[in-house]
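The values are calculated or read from the model by the stated rules, or taken from the named source; none is laboratory data. The shown structure was predicted, so the numbers you read here are calculated from the model rather than taken from an experiment. Using ideal geometry, Cβ is built from the backbone for each residue, glycine included, and neighbour counts are taken over all protein chains shown. Accessible surface is based on the protein model in full, side chains and every heavy atom, while ligands, DNA and RNA are left aside. Shrake-Rupley method; radii C 1.70, N 1.55, O 1.52, S 1.80 Å.
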Amino acid sequence: TDLRPLDILSEVVPAGGLAHGMRVFQVQGVRGFQLAASRPRALCFPASRLFTHCDRFPEEFSIIVTLRVLSVPARRNEYVFTLMGEESPSVLVGLRYAPDKLHFLFWSQERAGGWQTRVTFPNVSLSDSQWHTLVLAVSGQSFSLTVDCSVPKDVLVETPFPASLSVKRANFYLGNRRRRKGVFTGLLRQLVLLPGADATPRICTPMNFKVVTLSVPSVLQDLPAKPASNEVLKYPYETDTKVTLGSRPPCTTQEKAQFWFNTSQRGLYLCNGSAWISMLEVKQRLDYVEEYQNLVTNSETMGVEVFTIPKVGLFAATANRYTPPGSAIYKWTDGKFVPYQNIPTYQAQSWKYFTIGKKIFLAVANFEQNDRGQELSVIYKWSRRKEKFVPYQRITTHSARDWEAFVIEGEAFLAVVNHREGNNHNIDSVIYRWNPRTGLFETNQTIPTSGAYDWEFFTIGPYSFLAVANTFNGTSTKIYSHIYIWLSGSFQLFQSILTFGAADWEVFRIGDRVFLAVANSHSYDSGMPAPSNFYAINSSIYELNVTAQMFVKFQDLLTYSALDWEFFSVGDDSFLVVANSFDGFTFSVNSIIYRWQGYEGFVAAHHLPTVGCRDWEAFHTAEGSYLLYTSAKEPLSKVLKLKTT
């Protein structure tokens, strides 16, 4: 006898589809067939398809079944399968169950005729809406049933299973005995005949005993966890969905593909067999801000850049004022930033992290000359071998304040803000283009700027923009800052906006609306009478007017020598935090988080004590959401944690 498994279930399923009267359901993360009662004869096939070399049923064999049984009324039987002759109402071989019982049927033949033998296994509880795997082993007068690899139930009968049971002109019927009465109403996943062997040792291995498989039709096998974007499910299936309410329930293979609705936080989760996966994101709301970490820095910090290197971790690079000791890079370790690498810098103003292909770079804007009297800003490249940043390219700059990296039409650019050259604030800032052949940045375009502090790149539809924050022209801070648009291979003037010592631009989107916020630092004009306070002035938020094709003022907010804006979101809520640095009397000034309130615009929500606040960065980890602020007046920065409800 050929001892390969004979997959009865797969014989009913045509290649590339489903048989009429079959539907696929997924329950508890496991798929099975539901069989229709209306067409029992459609779910059959000739026994000769399995027994190709011999028309006799094996004398010794095992039947392996994985099923999910629904509640069965008392005194009702349902058939898992039968083997019947074409012209006979008798069941040659069959398996059926009743409440708390399982019956194995076979036909005993003699010269004078034959009779039906029924082997009953009592106290077999299957009607619990759970998946179960049964192994029925038959050998002569011995019948053994193992349910979910538990202790076998052994039955010895007078009439042995026939040594030569003919299956000539017989058919297998799936889930019925060739009529509607007694049709199987549960789900069937596996039905395998294994000739000549007890399959229990092959099935009962250390795994989930209730759904172990010897052979399962391909349509019931698991699909890839994440299909390709253009992949269509070959076999549609339905799922029996159960939603649990209340506190977090267990998530095991029993609960796989079931849902849990967190009523307190209005979150919907799906069990993947080991963990609850968020399906409908819990919309958190910002409750308050708490101090999380005091980050001692090498010296006063002019700027910070938070970034993630794939497969390495989360980092923060601080631009520190003095050399030595230079600037530092910190790595997020065990929920805190810890020192990782020191880099020599010269009154560093800011860092910019960017990538080109697989290359990872970090550029520093140096404000002062190095030990050799050279004004150079440096681009560092991440060394995967050393797991450090190493010098890559030095570029001559003039009191550099900021770098901005961006890509247009597949080409990489890097723009530097030159603040002044000597006492001259009206100088060119430079845009560099990456040359793939030389692997270096080369001058592409110069743009006149006045004591500039910041570049901000953004896109709107197919258009690319670059905004510069002009701060001081030598006599006044009341000057125009400019927005440039990329046209015909270069940036051209798009719009000019009057600003007052502009130190930062921040672009952000709320829904379909595009905003641009400027941080005004101080109001000074040598030709005008001095105001009562140079530093208590409005910073402004502009909104893009698509019809007018320009940014128009949306809102003014009173700030105190504002040096930075940072936009961030918590759940469905949008926020702006401003870096207030000086109110004309003290550097100990509250920086403010503003909440978006729709028609009201941005409304002050949280007042955060800061000292000479210079820069804000928002970032997220698995543990939560944070804000990092740097101080230009003390060697101490702070990480604040956003507490949500």
Surface share of carbon and sulfur [accessible, 1.4 angstrom probe, percent] for region 6-218: 49
Those lysines that a straight Cα-Cα span of less than 21 Å connects to residue 336, excepting residues fewer than 8 apart in one chain: 311, 388, 638, 641, 643
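What is the Cα radius of gyration of region 552-645 over 2.2 N^0.38 Å, N being its residue count?
On the way: Rg = 13.5 Å, N = 94, 2.2 N^0.38 = 12.4 Å.
The value comes to 1.09.
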Beta bridges per DSSP with both ends in region 423-483, % antiparallel, nearest 5: 100
Sequence ranges 404-417, 593-606, ranked by mean other-Cβ count within 10 angstrom, highest first: 404-417, 593-606
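Report, to one decimal in Å, the Kirkwood hydrodynamic radius for the chain based on all distinct Cα pairs. All intermediate terms of the calculation are to be shown ahead of the outcome.
Numbers: mean 1/r = 0.0326 Å⁻¹.
About 30.6 Å for the chain.
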Unpaired by the 4.7 Å Cβ criterion, cysteines found in the chain: 44, 54, 613
Sulfur and carbon atoms: percent of accessible area, region 369-466 [1.4 Å]: 41
In nm, spacing of pseudo-spin labels at residue 25 and residue 54 (7 Å Cα→C-beta vector): 3.8
Residue-span extension gain [residue 153 to residue 141] - 0.36 nm each, minus C-alpha spacing: 2.9 nm
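Sort largest first and round to whole Å: the equivalent ellipsoid semi-axes of region 6-218, each the square root of five times a Cα gyration tensor eigenvalue. Intermediate values should be presented prior to the final figure.
Values: eigenvalues 112, 86, 60 Å².
Working through the eigenvalues yields semi-axes of 24, 21, 17 Å.
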In Å, descending, principal axis extents of the Cα set of region 279-391: 57, 33, 21
Calculated log₁₀ intensity ratio I(q)/I(0) where the Debye formula runs over C-alpha points of region 470-581, q = 0.12, 0.18, 0.22 Å⁻¹: -0.47, -0.95, -1.23
Farthest toward positive dipole pole in the chain [+1 Lys/Arg, -1 Asp/Glu at C-beta], among 14, 630, 246: 14
Mean Cβ count within 10 Å, highest first, over the residues of peptides 118-126, 355-363, 570-578: 570-578, 355-363, 118-126
Euclidean distance of C-alpha centroids, region 578-608 and region 337-353, integer Å: 27
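Counting pairs of Cα atoms in region 115-207, how many percent are more than 21 Å apart? Write out the running numbers ahead of the final one.
Numbers: 1917 of 4278 pairs.
Roughly 45 percent, once rounded to a whole number.
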Three-way shape label, region 477-538, alpha-carbon gyration tensor, a/c 1.5: oblate
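Using a 1.4 Å probe, what is the accessible area per residue for the chain, in Å²? All intermediate terms of the calculation are to be shown ahead of the outcome.
On the way: 29930 Å² over 645 residues.
With the other protein chains kept in place, the chain gives 46 Å² per residue.
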Relative contact order, percent, the chain [alpha-carbon distance under 8 Å, six or more residues apart]: 9
Extended-chain gain in nm, criterion 0.36 nm per residue less alpha-carbon gap, residue 473 and residue 368: 35.8 nm
Value of D in µm² per second that Stokes-Einstein yields for region 392-465, Kirkwood Rh from Cα pairs, at 37 °C (0.692 mPa s): 252
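Counting pairs of Cα atoms in region 286-644, how many percent are more than 26 Å apart? Present the calculation step by step, with values, prior to reporting the outcome.
Values: 31619 of 64261 pairs.
Of all Cα-Cα distances in region 286-644, 49 percent exceed 26 Å.
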